[in-house]
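Report on one structure; see the data block that follows.
The values are calculated or read from the model by the stated rules, or taken from the named source; none is laboratory data. The structure displayed is predicted, hence computed values, not measured ones. Backbone-built Cβ (ideal geometry, glycine too); neighbour counts: all protein chains shown.
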Amino acid sequence: MVDAEMGDGDPELLERKQAAYRNLDERYEIHGEKYRGQQYSQIYFTRLHHMRNLLYSLVPKWKPHLPINTVLGLEEGKECIIVGTLYKHMKLKPSILDEYSKERSIVPLVKPHNFIHPDDHLILEDESGRVKLSGAILYPATFVTGIVLGLHGKETSDGDFSVHDILEAGLPPQIELPVSSREDKYVAFVSGLGVGSSTFNPLQFQLLVDHITGHLGDENEQRIASQIVRLIIAGNTVQISPGLLSGQALAPKDHSRLTEPIKEFDIMLTQLVAALPVDIMPGSSDPANFSLPQQPLHRCLFSGASTYNTFVSCTNPHQFELDDVQFLGTSGQNIDDLYKYSDAKDKLEFLERTLRWRHLAPTAPNTLGCYPYTDKDPFLIESCPHVYFVGNQDKYETRCLEGSDKQLVRLICIPRFCETGVAVMLNLRNLECHALSFSTNL
């Protein structure tokens with residue numbers, strides 16, 4: 001409940017609105033699987049098999065007059081369609097041998113913000129073989145290793161495959177956005193709280209907590225606060241010094257440095273879950289497994305908050321449904337990795353590409369750590385979400401993406417709160433989005 005002051009001085013009790021919630025994280029949960037020396041090739045085979053069947057079904061509408069070939073079946077000068085997995089050969093891509101050389105170098109080397117280079121080139125691979133791609137239509141900077149595409153072209157005398165046209169899977173099918181919910185209900189998003197970091201401002205975080213719980217602002221702001229039906233915390237909640245997580249025995253003085261950020265966050269999280277449901281996702285700096293999909297943060301970390309049934313510890317990626325509106329999001333590692341190995345006009349374009357490629361993390365396992373699945377690829381996007389969000393970005397960005405079959409997706413980049421003081425609000429009624437800024441500066 002949220003208190004709002006009435007004109008006569010008596011408080012009006014505002015009932016917090018509710019929304020039907022369904023957690024869809026099962027595909028990202030790891031139950032009993034163990035590392036048994038599995039090779040990562042299996043996840044590529046699974047991805048190629050699934051995506052090839054999908055792309056084959058699209059070819060009759062795209063280029064019905066052209067035959068489909070394997071790489072091994074290419075004939076010089078004959079136009080055809082091939083389907084396979086892209087491999088991007090990158091001149092600047094880091095390797096362990098390069099890292100060893102740099103360590104032994106007297107002159108420190110400048111680390112680039114990403115690793116693309118004009119000499120990068122693309123190779124397409126299927127079970128039969130691989131072929132180097134050429135052609136003015138293909139921009140290597142746009143693509144990354146791990147994408148499955150259909151290509152129209154022909155083999156040249158040099159043995160390359162000259163690409164004339166590109167077939168992407170496109171946005172997956174989408175469940176129609178429900179029209180039954182015609183009242184304002186909000187979902188709040190925040191990421192990168194960074195409790196324990198040098199940029200963390202506890203007063204700023206407390207302002208956010210007070211706003212969401214309805215203890216801040218005038219009557220109108222408290223009324224809006226009562227319409228927030230859920231809070232999503234999208235990763236990098238705490239910041240623990242990497243030296244404390246090295247696996248070595250801790251000195252007694254280091255125990256508090258390890259536990260204090262978690263205890264401080266639990267106090268504030270308990271205030272939040274006492275007021276509304278909260279989903280908390282792990283991120284790259286949180287005490288969780290490193291590789292994707294990250295498993296839920298253990299409840300024992302949050303002795304106060306975990307006593308409430310409104311506390312929900314989730315996987316990263318996180319998929320859920322609120323009043324039949326479909327949500328899909330990550331804590332940002334997939335987009336950050338695309339930024340290192342490809343180029344785009346903004347971060348939202350990376351989100352668009354993952355939807356068009358129908359894969360949440362195409363660079364996994366090549367440059368992004370992931371579990372070595374042998375019989376599935378959980379990052380394949382089989383249903384188009386209505387809201388697709390990523391956390392821990394430099395700034396707040398949002399726009400709507402429309403697909404060829406009238407799919408409509410709200411894309412959201414959630415900024416790091418400890419650096420920007422910005423959270424994000426989404427209205428379930430119409431998917432409109434706005435930023436909430438909090439500052440302790442006078």
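Key figures for this structure:
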quantity	calculated
Failed condition for C384, given (1) part of a loop (DSSP other than H, G, I, E, B); (2) in contact with a helix residue (DSSP H, G or I) (Cβ under 6 Å, 6 or more places away or on another chain); (3) farther than 18 Å from V144 by Cβ; (4) of a type in the set (A, V, I, L, M, F, W, C)	(2)
Wholly enclosed strands (runs of 3 or more DSSP E) of the range 141-225 bearing at least 1 residues farther than 30 Å from N114 by Cα	148-155, 186-190
Residue within the range 299-311 that is in contact (Cβ under 8 Å) with a residue 60 or more places away in the chain and over 21 Å from P365 (Cα atoms) present	no
Filter result (part of a loop (DSSP other than H, G, I, E, B) and among the polar types (S, T, N, Q)) within the range 22-53	Q38, Q39
Near pairs, Cβ below 8 angstrom, 6+ apart or cross-chain, from the range 75-95 (free of Cβ contacts under 8 Å to residues at least 40 places away in the same chain and farther than 15 Å from L133 by Cβ) to any residue that is acidic (D, E) and surrounded by 14 or more Cβ atoms within 10 Å (Cβ to Cβ)	K91/D120
Failed condition for I381, given (1) more than 25 Å from T142 (Cβ to Cβ); (2) in contact with a strand residue (DSSP E or B) (Cβ under 9 Å, 6 or more places away or on another chain)	(1)
Number of the exception - E168 against (1) of a type outside the set (S, T, Y); (2) buried (at least 22 other Cβ atoms within 10 Å of the Cβ); (3) under 28 Å from the mean Cα position of the chain (by Cα); (4) within 30 Å of R52 (Cβ to Cβ)	(2)
The range 408-433, subset assigned to a loop (DSSP other than H, G, I, E, B) and in contact with a strand residue (DSSP E or B) (Cβ under 8 Å, 6 or more places away or on another chain), residue nearest to L54 (Cα to Cα)	L431
Those residues of the range 352-391 which are under 20 Å from P282 (Cβ atoms) and under 11 Å from the mean Cα position of the chain (by Cα), in sequence order	T354, L360, A361, F379, Y388, F389, V390, G391
In the range 305-354, the residues that are on the phi > 0 side of the Ramachandran plot and either modelled with pLDDT of 95 or more or not assigned by TED's automatic domain parsing to the domain that holds I233 (or both)	G332
